[in-house]
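Data first, discussion second: the structure below is written as structure tokens.
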Amino acid sequence: MSELAEIEAIKQLKYKYFRCLDSKKWDEMQECFSEDAHSWYDSGKYSFDGVEAIMKFLRDSLSDPDIISLHHGHHPEIRILDDASASGIWYLEDRLYFTKQNMMLWGAAFYEDEYVKCDGAWKISATGYHRTFEEIQTRELNMTSAGNHLRNG
């Protein structure tokens, strides 16, 4: 594969990560990680070793149907290091709606990722982010039928 094709494959992997995170597709999301992956969310406040520990944290944190999340990854800076490893920086903007509490978290961060190629496919071997901005608001949430579909997923 050309370097551009490798970079596009890594972009597709991270896009899948965000889609599965927000749609709560945990089994599909687990496919994004290497078995020995490491994560460190919120500037290391939440750190986990191994895909099982990472997935348990994500399931426990976001499976509640009254939590709606929107994660957007932008402006990837991906470097292919060799045939089986790469690194990337992604700009994150996220919103989390906690419908029971009528609260919204809006934030921004920079993800720092490491990738490995396993059996011909790129996997996330390390991921985490440093927050640059976070705002928590109390608000009345008006859910549309599409929003209810996501909530009841």
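Throughout, read-outs are computed from the coordinates displayed, never taken from laboratory work. From a predicted model like this one, the values you see are computed outputs, not experimental measurements. Glycine gets a Cβ as well: all are built from the backbone with ideal geometry, and neighbour counts include every protein chain shown.
Here are the numbers for this structure:
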{"read-out": "Anchor Lys16: lysines whose Cα lies under 19 Å away (excluding residues fewer than 8 positions away in-chain)", "value": "Lys24, Lys25, Lys56, Lys117, Lys123"}
{"read-out": "Helix 51-62 axis, angle to the chain major axis (alpha carbon atoms, nearest 10°)", "value": "20"}
{"read-out": "Distance cut-off 22 Å, percentage of C-alpha pairs in segment 3-152 lying past it", "value": "40"}
{"read-out": "Neighbour cut-off at most 15 other Cβ (10 Å), DSSP loop, trypsin sites (Lys or Arg not before Pro), segment 77-115", "value": "Lys100"}
{"read-out": "Positive-end residue, segment 1-126 charge dipole about Cα centroid, Cβ charges, pick of Trp106, Ala126, Ala37", "value": "Trp106"}
{"read-out": "Between segment 1-54 and segment 95-133, the Cα center-to-center distance that results, in Å", "value": "8"}
{"read-out": "Sorted by Cβ neighbour density within 10 Å, fewest at the top, the residues Met55, Met103", "value": "Met103, Met55"}
